[in-house]
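Structure first, then comments.
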Amino acid sequence: MTSLRPQGLSPHLFVLGAEEAVAFYRRAFGAVEVFRNTLPDGLLLFVELHVGAGRLLVSEENPALGALAPPTLGGSPVLILLEVADPGAVADRAVAAGAEVEMPVREMFWGERYGVLRDPFGHRWAVTTAREQLTPDDIVDRTPDF
């Protein structure tokens, strides 16, 4: 049997306010809705979005299924990495759509332009693009004292 979709990793986010989250991901990251599955009782089981070449699933929180959103859990330990051509422009667009900056986009010692955002639903996003191909030794040499 062949797969109907390309295989790979696809984050599945649980949120409070799935419709609002889908609208945010459209505005902030240019997400395109591909498919939605709504249960007969009206519960939005999931929406499949394409973000760049990746796939993102968004569902309404459902404690009965163990599907809890970051506010219910007291935050999220996960950082979703979004590689884009211009992380500064994407961060600006996301902030205009309602995201908060945790770390401004800047040049990093490991050779990327990189920043971290928190979306209005509690999920954390790193927006990044590679600038240089560095060796592990190069990165060690550039690592600042913390």
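Residues being part of a loop (DSSP other than H, G, I, E, B) and out of contact with any His (no Cβ under 7 Å at 6 or more places or on another chain) are represented in region 95-104 by at least one member. Any idea how many residues of region 19-38 are of a type in the set (Ser, Thr, Tyr) and either under 10 Å from LEU56 (Cβ atoms) or touching a Gly at 6+ places or on another chain (Cβ under 9 Å) (or both)? Final tally of qualifying residues: 1. Applying the condition of being surrounded by 13 or more Cβ atoms within 10 Å (Cβ to Cβ) and of a type in the set (Lys, Arg) to region 76-113 and asking which residue is modelled with the lowest pLDDT yields ARG113. Could you please find all residues in region 114-138 being part of a strand (DSSP E or B), of a type outside the set (Val, Ile, Thr) and at pLDDT 95 or above? TYR114, GLY115, LEU117, ARG118, ARG124, TRP125, ALA126, listed by residue number.
For the structure I just gave you, tell me whether ARG118 is buried (at least 17 other Cβ atoms within 10 Å of the Cβ) and under 13 Å from the mean Cα position of the chain (by Cα). So ARG118 fits the description; yes. Every condition in (1) without any contact (Cβ under 8 Å) to a residue 60 or more places away in the chain; (2) under 12 Å from PHE121 (Cβ atoms) holds for GLY98 except the one numbered (1). Out of curiosity, is VAL22 free of Cβ contacts under 8 Å to residues at least 60 places away in the same chain, under 14 Å from the mean Cα position of the chain (by Cα) and assigned to a helix (DSSP H, G or I)? Yes; evaluated as a whole, the condition is true for this residue. Residues in region 34-53 that are under 25 Å from THR129 (Cα atoms) and either surrounded by fewer than 17 Cβ atoms within 10 Å (Cβ to Cβ) or of a type in the set (Lys, Arg) (or both): HIS50, GLY52, ALA53.
The values are calculated or read from the model by the stated rules, or taken from the named source; none is laboratory data. Owing to the predicted nature of the structure, the values given are computational and were not obtained by experimental measurement. Ideal geometry is used to build each Cβ from the backbone, glycine not excepted, and the neighbour counts take in all protein chains shown.
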